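First comes the structure, then the notes that go with it.
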Amino acid sequence: MKTTIEPAHYEPGDFLERPIILRAFDMEAGVRVAPHRHRWGQLAYASQGIIIVSTEDGRWMVPPERAVWIPPDVAHAVNTTAKAKFRSVHISAEHSRSLPSDCQVLVVSPLLRELIFRAESISRDYAPNSSDSRLMSVILDQIREADQAPLYLPMPMDKRLSRITDILLDEPANNQTLKDFSEKSGASERTLARLFKKETGLTFGKWRQQRRLLAALELLAQGNSVTTVALDLGYESVSAFIAMFKLALGTTPTRYFEATNTKLKGEAVD
């Protein structure tokens, strides 16, 4: 069962108790937080489960050991595909100026992860110039230094492309070629190929591969076996799927999720 939460957009009285605070809560599977915005920046992190952050520009998949940075005043929605332990670091607009000006998926280092866990016990009105204040400043430093992760799916604005990407969002295993889509879209294959590159920065093939990678992370986090995920996403073999995964993320599915304390079933190829 899916649940939609409709948060209010910020009001004039909205404020952060301190320049950097942490809000922690659990989210059930199938929750959708409708589009909203904050005056402050936000690092959205799930120590367990997967969340998906969406803006008008694209979708960011956030598995464990990754987080998405959302700058101030960027309208965004959040979806969960499995129960998630959601941890949100809110950073004032002033302090956000030293962070990226666009949404990015960032690698959560072991140190940053432990700092976030420690910050759960810190009151939101902690004393300035205290040990708690200094710890929150270290969190900010760690976010500044975090590496970017390749878990972004850019979305096109062109309506002809949107019809194609909507199909692939719903059916990531769909194997239709760009030529197949061109026959139904009212644009030539060459035009669609040019528009894909122009509007997303990716070729059609690379965009579909990225869509399948995000779908794979989602399905694997739900406990599906590597073999099942590979076949469900249209790969001819498990080894071909693992090769794609390793090329994109630098490791195999099992090793990736072992690093995040999530056990996978049935990876036969290393």
LEU112 is checked against (1) surrounded by fewer than 13 Cβ atoms within 10 Å (Cβ to Cβ); (2) assigned by TED's automatic domain parsing to the domain that holds GLY41; (3) not acidic (Asp, Glu) and fails just one. What number does that condition carry? (1)
Looking only at segment 2-27, how many residues end up being out of contact with any strand residue (DSSP E or B) (no Cβ under 7 Å at 6 or more places or on another chain) and modelled with pLDDT under 90? 8
Please find, within segment 28-52, the residue that is modelled with the lowest pLDDT out of those that are buried (at least 18 other Cβ atoms within 10 Å of the Cβ) and under 28 Å from PRO128 (Cβ atoms). SER47
Qualifying positions in segment 53-76 - among the small types (Gly, Ala, Ser) and surrounded by fewer than 18 Cβ atoms within 10 Å (Cβ to Cβ): GLY58, ALA75
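If I filter segment 105-138 down to residues being among the aliphatic types (A, V, I, L, M) and within 20 Å of the chain's Cα centre (by Cα), which single residue comes out as nearest to PHE86 (Cα to Cα)?
It comes out as ILE116.
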Of the residues that sit in segment 205-219 and are over 15 Å from the mean Cα position of the chain (by Cα) and touching a residue at least 40 places away in the same chain (Cβ under 8 Å), which one is surrounded by the most Cβ atoms within 10 Å (Cβ to Cβ)? TRP207
Picking from GLU183, GLU199, GLU189, the residue that is at pLDDT below 90, more than 19 Å from the chain's Cα centre (by Cα) and over 27 Å from ALA29 (Cα atoms) would be GLU183
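Residues are listed down the side, and each one gets a yes or a no for (1) at pLDDT 95 or above; (2) under 16 Å from PRO64 (Cβ atoms):
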{"residue": "LYS83", "(1), (2)": "no, yes"}
{"residue": "HIS90", "(1), (2)": "yes, no"}
{"residue": "SER96", "(1), (2)": "yes, no"}
{"residue": "GLN104", "(1), (2)": "no, no"}
{"residue": "VAL108", "(1), (2)": "no, yes"}
Sole miss for LEU168 among (1) out of contact with any Asp or Glu (no Cβ under 7 Å at 6 or more places or on another chain); (2) over 23 Å from PRO63 (Cβ atoms) is condition (2)
Kindly list, by first and then second residue, each pair from a residue in segment 131-159 that is free of Cβ contacts under 8 Å to residues at least 60 places away in the same chain to a residue that is assigned to a helix (DSSP H, G or I) and polar (S, T, N, Q), limited to pairs with Cβ atoms under 8 Å and residues at least 6 apart or on different chains. PRO156/SER162; PRO156/THR165; PRO156/THR200
Go through segment 86-115 and give me each residue that's in contact with a Gly (Cβ under 8 Å, 6 or more places away or on another chain) and either in a loop (DSSP other than H, G, I, E, B) or free of Cβ contacts under 8 Å to residues at least 60 places away in the same chain (or both). SER92, ALA93, SER96, LEU99, CYS103
Close pairs (8 angstrom Cβ cut-off, 6 or more residues apart or separate chains): under 20 Å from TYR152 (Cβ atoms) in segment 26-55, of a type in the set (Phe, Trp, Tyr) and at pLDDT below 90 anywhere: ARG37/TYR10; ILE52/TRP60; VAL53/TRP60; SER54/TRP60
Members of segment 221-234 found to be within 23 Å of the chain's Cα centre (by Cα) and surrounded by 13 or more Cβ atoms within 10 Å (Cβ to Cβ), listed by number: ALA221, GLN222, ASN224, SER225, VAL226, THR228, VAL229, ALA230, ASP232, LEU233, GLY234
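The values are calculated or read from the model by the stated rules, or taken from the named source; none is laboratory data. None of the values given here were measured: they were computed from a predicted structure. In this analysis, Cβ positions are derived from the backbone assuming ideal geometry, glycine residues included, and neighbour counts consider all displayed protein chains.
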